[in-house]
Amino acid sequence: MKKEVKVFAPASVANVAVGYDILGFALERPGDEIIVRFADHEGLQISKITGDNGKLPYEVQKNTAGFAAQCLLEHLGETKRGIEMEIHKKMPFGSGLGSSAASSAAGVWAVNELLGTPLSKREVLHFAVLGEQIADGAYHADNVAPALLGGMVLIRNNKELDVHQLPVPDGLVASVVYPHIKILTKDARGVLSPNLPLPKMIQQCGNLAGMIIGLYQSDFSLIGRSLKDVVIEPQRAQLIPPFYEVKKAALAAGALGCSISGAGPSIFALSQGREKAEHVAQAMAQVFNNHQIPVEEFVSSVNQSGAIKI
Ligand code: HSE
């Protein structure tokens, strides 16, 4: 039997209310699994995809995981090496939970592990971002960096991939509700105005800075006061009809803050303690249930491992 490696990479919450395109954290679950093994044919081939309802392309150049892995192989001068890839999608597409980023991160890390780990996670990050870029057209690492590296990650500059893992206070727990509403990231990016009034920029910068200080100082009250998106959320809320009702329910149930996860439609909240987070998730899901919109809920600490061999 030829050598094989199986890797899991998690879902992630991008933006985290105050860091559009520059802040994200990884969840414990859901996530994607990718298996790679050496094969007799030449080059990388995708041999199996499950859990995608036939939606993902087998063509390496068009597949986020395949393309990311191929970019890494080219960088390493290993394009002739026969490698077979299986992709097992275990999370929904278009959910705002970084589905393509999870595949991309798992794809590069699996191939890197198969080749004996020649590069570090930081060194393969660029290739994972290239993979995700073919899914939504933009080069930003707010889902890919947490999916690969784990933790809560601030990207000071996407082009330079100047990424920083932030401390996460013990007991900070996320509640995530994924309503079965379809939103394409492309469309959710399309509704955003390219201009930002100065007073909004001032508020958003203050909140991002406050969030970071809150994380460093384990100051839950400061995290709660800071977790307010005055720029992106008001423009995207219309795409998720009961958004403000869900947010109200989350805050009433004791969440520190609540906003849209990535480009939506998932909505996340952060709470102090798992019990509170469970309660918040139920309150959020109840609102969607009242609107007859099916949901999936996840309650998760921040996943510090990112992509891992399983
Ligand atoms: N930061 C991105 C957005 C995440 O909100 O559009 C989704 O790719």
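The values are calculated or read from the model by the stated rules, or taken from the named source; none is laboratory data. Just so it is clear, the model here is predicted, and its values are computed rather than measured. Note that each Cβ is placed from the backbone with ideal geometry, even for glycine, and that neighbours are counted across all protein chains shown. Side chains are part of the model used for accessible areas, which takes the heavy atoms of the whole protein and leaves out ligands, DNA and RNA. Shrake-Rupley method; radii C 1.70, N 1.55, O 1.52, S 1.80 Å.
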Fill in: Two-decimal log10 I(q)/I(0) for the chain, as the Debye equation yields it once each C-alpha is a single scatterer, q = 0.15, 0.16 Å⁻¹
-1.11, -1.23
Response to the item:
Rounded to the nearest whole number, the Stokes-Einstein translational diffusion coefficient of region 164-218 at 25 °C and 0.890 mPa s (Kirkwood radius, C-alpha pairs) in µm²/s is 168
Practice prompt. Could I get the Rg over Rh figure for region 172-301? Both from C-alpha atoms, Rh via Kirkwood, rounded to two places.
Written response: 0.97
Worksheet entry | Label point distance in nm, LEU251-GLN61, each placed 7 Å from Cα along Cα→Cβ | 5.0
Fill in: Rounded percent of accessible protein surface that carbon and sulfur make up, region 172-301, 1.4 Å probe
56
Discussion item. Taking only Cα atoms of region 1-82, what ratio of Rg to Rh do you get with Rh as the Kirkwood inverse-distance radius?
Written reply: 1.04
Worksheet, complete the sentence: Answer check: region 69-153, Cα atoms, Kirkwood Rh, Rg/Rh ratio of 0.95
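Calculate, for LYS3 and TYR216, the FRET efficiency according to 1/(1 + (r/R0)^6) with r their C-beta to C-beta distance and R0 41 Å; round to the nearest 0.05.
0.45
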Item to complete: Choose one of GLN304, HIS279, LEU196: the residue whose Cα lies farthest towards the positive end of the charge dipole of the chain (beta-carbon charges +1 Lys, Arg; -1 Asp, Glu; about the Cα centre).
Response: LEU196
Response to the item:
Given unit charges at Cβ for Lys, Arg (+) and Asp, Glu (-), the dipole magnitude of region 4-166 about its Cα centre in debye, nearest 20, is 180
Worksheet item: Between MET201 and GLN45, what is the FRET efficiency for a Förster distance of 35 Å, r being their Cβ-Cβ separation, to the nearest 0.05?
Response: 0.15
Practice prompt. Only Lys, Arg, Asp and Glu count, each charged at its Cβ (+1, +1, -1, -1), so figure out the dipole size of the chain about its Cα centre, rounded to 20 debye.
Written response: 240
Fill in: Extension gain, GLU275 back to LYS159 (0.36 nm per residue minus Cα-Cα distance, nm)
37.9 nm
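Per Stokes-Einstein, at 20 °C and 1.002 mPa s, what whole-number D in µm² s⁻¹ belongs to region 4-166, with the Kirkwood radius over Cα pairs as the hydrodynamic radius?
The calculation lands on 142 µm²/s.
Using helices alone, I'd like the mean residue ellipticity at 222 nm for the chain: each DSSP H run of four-plus residues gives -39500 (n - 2.57), total over residue count, nearest 500.
Dividing the helical sum by the residues of the chain leaves -11500 deg cm²/dmol.
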Worksheet entry | Charged-residue dipole, Cβ positions (Lys, Arg, Asp, Glu), region 172-301 about Cα centre, Debye nearest 20 | 300
Worksheet item: When the convex hull of the Cα atoms of region 193-239 is projected onto a plane and the area is averaged over all directions, what value comes out in nm²?
Response: 3.7
Worksheet item: Going through the DSSP H helices of the chain, which span 20 Å or more along their own axis at the Cα atoms while scoring at least 0.0 as a mean Kyte-Doolittle hydropathy?
Response: 99-114, 121-136, 198-217
Worksheet, complete the sentence: Per-residue accessible area, 1.4 Å probe, largest first, puts ILE202, ILE22 in the order ILE202, ILE22
